[in-house]
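Asker: One structure, as structure tokens, below. Some questions next.
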Amino acid sequence: MVDGAASVWDLLLLGVILISTMWGMGSYGLYEPHEAHFAGVGREMLTRNDWVTPHLNGGRYLTKPPLLYWMVATSYSIFGIAEGAARLPLSLIGFSGILLAWQWARQLWGIRAARAAAVMLTVSFGWYIFSHQLMIDALLSVIFLAQLYTLWRALCADRAQSGGTRRWWLLFHASTGLSIMAKGPLGLGFAILMLLACAIWLRDWRLFLRCHPVLGLAIMIVIVAPWATLIEMRNPGYLRYVIENENLKRVVDKRWPPDYSGVKVSWLGFLGVTAIWMAPWILVLPQVLSFGWKNMLSRKPASDEGGRWLKAQPDAGAQNTALGVMVLLIGSALPVLLFLPIPARLIYYSLPAVPPMMLLVAGWWNGIDGDCFKKGRWAAALLFALAGIAVFVSGFILPEKLAWVSELMAAPHTIEYIPRMAFLLGLGLFFCAIALALRRSNLALGALGSFLIAALAVNVYGFSAFDNVMSSKRLVQRLDPAMGDDCIWVSEGSAEIGASAGLAYYLGQDKNGKARTVLIMSDDSRRPPPAFPPPAPDYLLDLPHLNELWQSGKPVLFVTDFKRSPKDWGSATAPRLPDNAQRVDFLEGGFRRVYFNRPALERLLKSGLKGDQ
């Protein structure tokens, strides 16, 4: 292994990366539905002191394993319940993936490649987005990278027949167990497919025996079984529901409710968003794949007739590197190829492919100044220059073109950040191209990385400008003081319960410390509730009971779905409203419309708070 001594410059680089990863994470409201879902479940774990059964909006939420929920709840217990504390685990998870990429690249190609890998992963579009949004995919991606790394270390130790083989296989199985606790059976599927791909390439089927499968299964059982047993005991039918509905039926696009249509894409769109997640480094994909393929072929380990790798082989370090490149190519391809034929392919399913691809890009970049990379370097310089010009020019064109997009019309300040982003991104790409042409790859990476980190820091303010469309924070903060703790909030519902849970999150606790909840309409076939194992959640409400509540003399608010666009109103898809509902518009609500019954409207008028239209 190459390694290479780290220096104070690496500490400074990683410090800057840590700051950029955590920058502004508490400065904007929780986006709905996904961020509100994870933040809400973590909050109720803490307030209920129930770390076994996830709850959301006062009812059980039986969809995912608990690892990320536990991390969010732990963060709350230390820092208090707030957006920054909710997102902190994801920021640290994203940074841990960067650290692992830095270490692995250092062992494969040296310290120069390590620095490149850290910068490349930090500024890749997908890693930035999912390190700043409270979703589970960055956590799964880091665990996936850990599976790949421990697999590589186990293969290297196995090839050398050293004493460390068993330790690395046990770490591989432990990371698989954590993956199951993060996302379910998918982590086990990843592990099996990794081993299968390695066995096929190395023509070594005894690999399945040498990986200590029995002990590995025991480790995974120790990690998963305690929680799985407890939640099944407290919620009979949970395991069957999750395995069937959340996994098997999702594969064939039969999962209920079908609440992911907004992020589902065609196979061509899936490849397109994968390229976006890897941007801007996707521009050098052909060179990187060629580099990886040649390196993987160059030092393929030899084996005897029994399938055992020969111990005394020349250039063992190069063979370890070839094994690493093989594992990274498998890791880059596996998440894409696995989900490509699945009908329910969602835009973020390919994110685990990003870290291993960034490592391969760093390996290629490490030798880019050499004469053997001349054609690839000039091709990269040309593509970076063209991309820089295109992005820079788009900063003058896009604001006018996008001004008529309904989402941006509801958050017009967002458009102000487009020219700034385009200016920084365009200059970074263009300066990178010039430095590459001059065979100054360090300068090229430094220039592009600096401009991209600056652009991403600016984009945090774009997140904040857009949160009145994607978050109910501003709306609740404006209305709740006027309405009082006893006001009943009703949500039209959405494709996902997490959208309505955003309202509940910002309503907080009442004077007695009890978490407030939101009632959700259940009888609209376009917004079906989940079919968890019984009993049904208490927050469901149909239209006849809503009308009774509306006339009860209690103050009641009705909030429509945040995903509704203006074209929905006045059509057959318009929401079913309670009788005699009085509408008041608030700019902080984005597309949400708020309707008041008479007692709620009287409170609004008495407070002096008025709508915006």
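Yes or no, residue by residue, for (1) in contact with a Gly (Cβ under 6 Å, 6 or more places away or on another chain); (2) outside any helix (DSSP H, G or I); (3) hydrophobic (A, V, I, L, M, F, W, C):
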position: Leu188; (1), (2), (3): no, no, yes
position: Met194; (1), (2), (3): no, no, yes
position: Asp204; (1), (2), (3): yes, yes, no
position: Ile231; (1), (2), (3): no, no, yes
position: Pro236; (1), (2), (3): no, yes, no
position: Lys249; (1), (2), (3): no, no, no
position: Pro257; (1), (2), (3): no, yes, no
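Asker: Name the one entry in Ala403, Ala390 that is modelled with pLDDT of 90 or more and more than 27 Å from the chain's Cα centre (by Cα).
Answerer: Ala390 is the lone residue from the list that is modelled with pLDDT of 90 or more and more than 27 Å from the chain's Cα centre (by Cα).
Asker: Let me ask something else. Could you check, for the stretch 524-531, whether at least one of its residues is within 30 Å of Leu609 (Cα to Cα) and either touching a strand residue (DSSP E or B) at 6+ places or on another chain (Cβ under 8 Å) or assigned by TED's automatic domain parsing to the domain that holds Gly428 (or both)?
Answerer: No, the stretch 524-531 contains no residue that is within 30 Å of Leu609 (Cα to Cα) and either touching a strand residue (DSSP E or B) at 6+ places or on another chain (Cβ under 8 Å) or assigned by TED's automatic domain parsing to the domain that holds Gly428 (or both).
Asker: List the residue pairs whose Cβ atoms are under 9 Å apart, where the first residue sits in the stretch 245-273 and is farther than 13 Å from Leu346 by Cβ, the second is assigned to a helix (DSSP H, G or I), and the two are 6 or more positions apart or on different chains.
Answerer: Asn247/Leu186; Lys254/Asn245; Lys254/Leu248; Trp256/Asn245; Trp256/Lys249; Leu271/Val336
Asker: Under the condition of being closer than 20 Å to Ile129 by Cα and of a type in the set (Gly, Ala, Ser), which residue from the stretch 78-93 is surrounded by the fewest Cβ atoms within 10 Å (Cβ to Cβ)?
Answerer: Looking at the filtered set, the residue picked out is Ala82.
Asker: A further question on this structure: Just checking, does the stretch 174-182 include any residue being more than 30 Å from Val263 (Cβ to Cβ), in contact with a helix residue (DSSP H, G or I) (Cβ under 6 Å, 6 or more places away or on another chain), surrounded by fewer than 20 Cβ atoms within 10 Å (Cβ to Cβ) and in contact (Cβ under 8 Å) with a residue 40 or more places away in the chain?
Answerer: yes
Asker: How many residues are more than 19 Å from Ala600 (Cβ to Cβ) and within 27 Å of the chain's Cα centre (by Cα) when one looks only at the stretch 475-509?
Answerer: Here the count works out to 10.
Asker: What do you reckon, is Ala333 of a type in the set (Gly, Ala, Ser) and either assigned to a loop (DSSP other than H, G, I, E, B) or modelled with pLDDT under 95 (or both)?
Answerer: no
Asker: Let me ask another. Filter the stretch 259-288 down to residues that are of a type in the set (Gly, Ala, Ser) and either under 30 Å from Trp365 (Cα atoms) or crowded, with 20+ Cβ neighbours inside 10 Å (or both), then give me how many there are.
Answerer: Counting residues in the stretch 259-288 that are of a type in the set (Gly, Ala, Ser) and either under 30 Å from Trp365 (Cα atoms) or crowded, with 20+ Cβ neighbours inside 10 Å (or both) gives 4.
Asker: Of all residues in the stretch 495-537, how many are crowded, with 23+ Cβ neighbours inside 10 Å, among the small types (Gly, Ala, Ser) and at pLDDT below 80?
Answerer: The total comes to 2.
Listed here are the residues, each with its yes/no results for (1) surrounded by fewer than 19 Cβ atoms within 10 Å (Cβ to Cβ); (2) modelled with pLDDT of 95 or more; (3) of a type in the set (Gly, Ala, Ser); (4) over 19 Å from the mean Cα position of the chain (by Cα).
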| site | (1), (2), (3), (4) |
| --- | --- |
| Gly29 | no, no, yes, no |
| Gly40 | no, no, yes, no |
| Thr47 | yes, no, no, yes |
| Leu67 | no, yes, no, no |
| Tyr76 | no, yes, no, yes |
| Ser96 | yes, yes, yes, no |
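Asker: Separate question: Given Ala499, Ala531, which one is under 30 Å from Met233 (Cβ atoms) and small (Gly, Ala, Ser)?
Answerer: None of the other options fit; the residue is Ala531.
Asker: Which condition does Gly589 not pass, out of (1) in contact with a Ser or Thr (Cβ under 9 Å, 6 or more places away or on another chain); (2) surrounded by fewer than 18 Cβ atoms within 10 Å (Cβ to Cβ); (3) of a type in the set (Gly, Ala, Ser), if it passes all the others?
Answerer: For Gly589, the exception is condition (2).
The values are calculated or read from the model by the stated rules, or taken from the named source; none is laboratory data. Note that this is a predicted model, so its numbers are computed, not measured. Positions of Cβ are backbone-derived with ideal geometry, glycine not excepted, and every protein chain shown enters the neighbour counts.
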